[in-house]
Amino acid sequence: MPAIDVENLRKEFRVQRNREGLKGALRDLFNRKYDKITAVHDISFRIPEGEICGYIGENGAGKSTTIKMLTGIMVPTSGKVLVHGYVPYKDRETFVRHIGVVFGQRSQLWWDIGVIESFQLLRKVYRIPPVDYRDRLEELVERLRLQELLHRPVRKLSLGQRMRCELAASLLHNPAILFLDEPTIGLDIMVKSEIREFLKEMNREHGTTILLTTHDLQDIEALCSRVIMLDEGRIIYDGSLERLKQTWGKGREIVFRFGTRCDLRRLEALTAGLPVRWSLDNEWTARIAVPEDGAMVSNVLGRVVGEPDIRDIKIIETTTDDIVREIYRTGPDAGQQERDNPLFPPQGGRAEAAEAAKGSNGPDNGASDATGRAPHGASGSPTDVPASADRPPVGSANSKRGQDGAEDAADRPERRQPAGRR
């Protein structure tokens with residue numbers, strides 16, 4: 001049985017449309033108008049036990065809405081969702097004992113009391129046996145280095161210190177599944193690295209299933225074996241990072257800086273027969289786009305390095321950030337079409353790509369279409385609900401929030417108290 005099983009999951013919201021001015025406000029009192037916003041469009045996926053899966057997308061893509069449906073905070077409009085064998089919004093009290101949730105912009109710790117006091121309150125909320133609680137707390141305190149923080153009020157902690165305490169709080173009851181919604185937002189490099197190592201250890205030793213939502217792709221590369229990419233509420237990619245690079249990556253660029261003026265025709269003659277393309281940055285610097293093939297790079301270098309007066313050579317790889325940014329900007333269909341183009345344009349959306357589509361082998365002519373890509377083929381569906389519509393995270397085994405009014409969450413003020421505290 002998969003840890004998470006989602007089939008045709010959909011979430012729609014009714015959002016009031018406010019009229020302008022005093023007259024409009026008076027009319028709204030008696031005749032309100034609503035817009036229907038579809039935040040998640042019939043998505044399906046399965047995550048097996050013990051997997052670390054990245055869930056990425058632009059702001060408003062529907063990531064947080066999905067997490068809230070998976071944790072039982074929101075009720076789906078339609079579709080099937082099973083998490084650890086439970087329907088989240090129906091089996092609330094039993095279900096939440098098996099999950100941990102960390103929202104990077106929410107807190108489940110009590111603001112004015114010491115961290116250890118919050119942990120003890122959570123022990124009672126989750127009904128953790130004292131012996132298990134003591135052993136688990138010792139392990140978490142040692143791994144996350146919380147010894148000096150336990151007796152400080154939460155409001156006196158830095159962001160990095162508080163996030164380490166939030167992780168410990170979400171893992172006190174040893175959940176089988178951990179949901180992380182931007183857990184490293186605003187953290188410095190050292191704290192991010194510590195949290196990543198800790199999560200890998202927890203997954204390796206306890207088999208914890210982790211669903212990670214983040215905008216930091218370094219978190220994804222460091223932790224995840226699989227990536228699900230969401231765009232306007234629809235899944236546009238589900239697979240490994242390696243396949244993502246193979247499918248949409250543009251290979252490598254090799255940049256040569258010469259001591260004399262570049263002769264583009266001579267450089268093209270040196271690499272004749274290879275599926276590469278030269279372009280000039282300026283009269284002293286030339287770059288060549290090379291497909292995703294390590295042997296091809298050695299072939300290019302072997303042919304060119306014999307040229308006199310090469311001052312510098314730089315090999316530039318297409319990063320995951322570049323690929324995902326380009327998919328967000330132009331859409332997945334455009335990326336695949338360009339990948340299939342035999343001319344294989346250079347990376348980074350340079351103006352030479354547009355010239356390549358016209359069959360030009362000359363230097364940059366200032367084309368306005370930087371990538372030559374087709375427009376996004378997906379339909380312009382509405383985006384995710386704004387952050388103000390988010391409800392506080394689930395964290396209490398005794399929480400019995402009703403299913404009614406999930407769509408009207410935007411009207412409710414944000415609560416600072418942690419989940420489970422009434």
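The values are calculated or read from the model by the stated rules, or taken from the named source; none is laboratory data. Quick caveat, the model's predicted, so the values are computed rather than measured. Reconstructed Cβ throughout: ideal geometry from the backbone, glycine too, with neighbour counts over all protein chains shown.
List of remarks:
- Once segment 84-112 is narrowed to residues that are crowded, with 16+ Cβ neighbours inside 10 Å and of a type in the set (A, V, I, L, M, F, W, C), the residue that is nearest to residue 51 (Cα to Cα) is 99.
- Residue match in segment 19-33 (condition: out of contact with any Leu (no Cβ under 7 Å at 6 or more places or on another chain), farther than 20 Å from residue 229 by Cα and assigned to a strand (DSSP E or B)): yes
- Index of the failed condition, residue 280 passing every other in (1) assigned by TED's automatic domain parsing to the domain that holds residue 319; (2) out of contact with any Cys (no Cβ under 7 Å at 6 or more places or on another chain); (3) not charged (D, E, K, R): (2)
- Restricting attention to segment 89-105, the residues that are touching an Asp or Glu at 6+ places or on another chain (Cβ under 6 Å) and aliphatic (A, V, I, L, M) add up to 1.
- Within segment 180-207, the only residue that satisfies the criterion of being among the β-branched types (Val, Ile, Thr), touching an Asp or Glu at 6+ places or on another chain (Cβ under 9 Å) and over 16 Å from residue 106 (Cβ atoms) is 195.
- For segment 181-191, filtering for residues that are within 15 Å of residue 54 (Cβ to Cβ) and either touching a helix residue (DSSP H, G or I) at 6+ places or on another chain (Cβ under 8 Å) or without any contact (Cβ under 8 Å) to a residue 40 or more places away in the chain (or both) leaves 3.
- When residues in segment 159-217 are screened for being in contact with a strand residue (DSSP E or B) (Cβ under 7 Å, 6 or more places away or on another chain), of a type in the set (A, V, I, L, M, F, W, C) and in a helix (DSSP H, G or I), 3 of them pass.
- Only one of 109, 122 that is outside any loop (DSSP other than H, G, I, E, B), closer than 22 Å to residue 144 by Cβ and touching a Ser or Thr at 6+ places or on another chain (Cβ under 9 Å): 122
- Taken as a whole, the condition of being under 30 Å from residue 326 (Cα atoms) and of a type outside the set (Phe, Trp, Tyr) applies to residue 65.
- Residue in segment 38-49 that is surrounded by 14 or more Cβ atoms within 10 Å (Cβ to Cβ) and part of a helix (DSSP H, G or I) present: no
- Checked against (1) at pLDDT 90 or above; (2) surrounded by fewer than 19 Cβ atoms within 10 Å (Cβ to Cβ); (3) part of a helix (DSSP H, G or I), residue 66 passes all but condition (2).
- Near pairs, Cβ below 6 angstrom, 6+ apart or cross-chain, from segment 251-276 (at positive phi) to any residue that is surrounded by 12 or more Cβ atoms within 10 Å (Cβ to Cβ) and assigned to a strand (DSSP E or B): 251/290
- Scanning segment 198-238 for residues that are without any contact (Cβ under 8 Å) to a residue 40 or more places away in the chain and touching a Ser or Thr at 6+ places or on another chain (Cβ under 8 Å) yields a count of 2.
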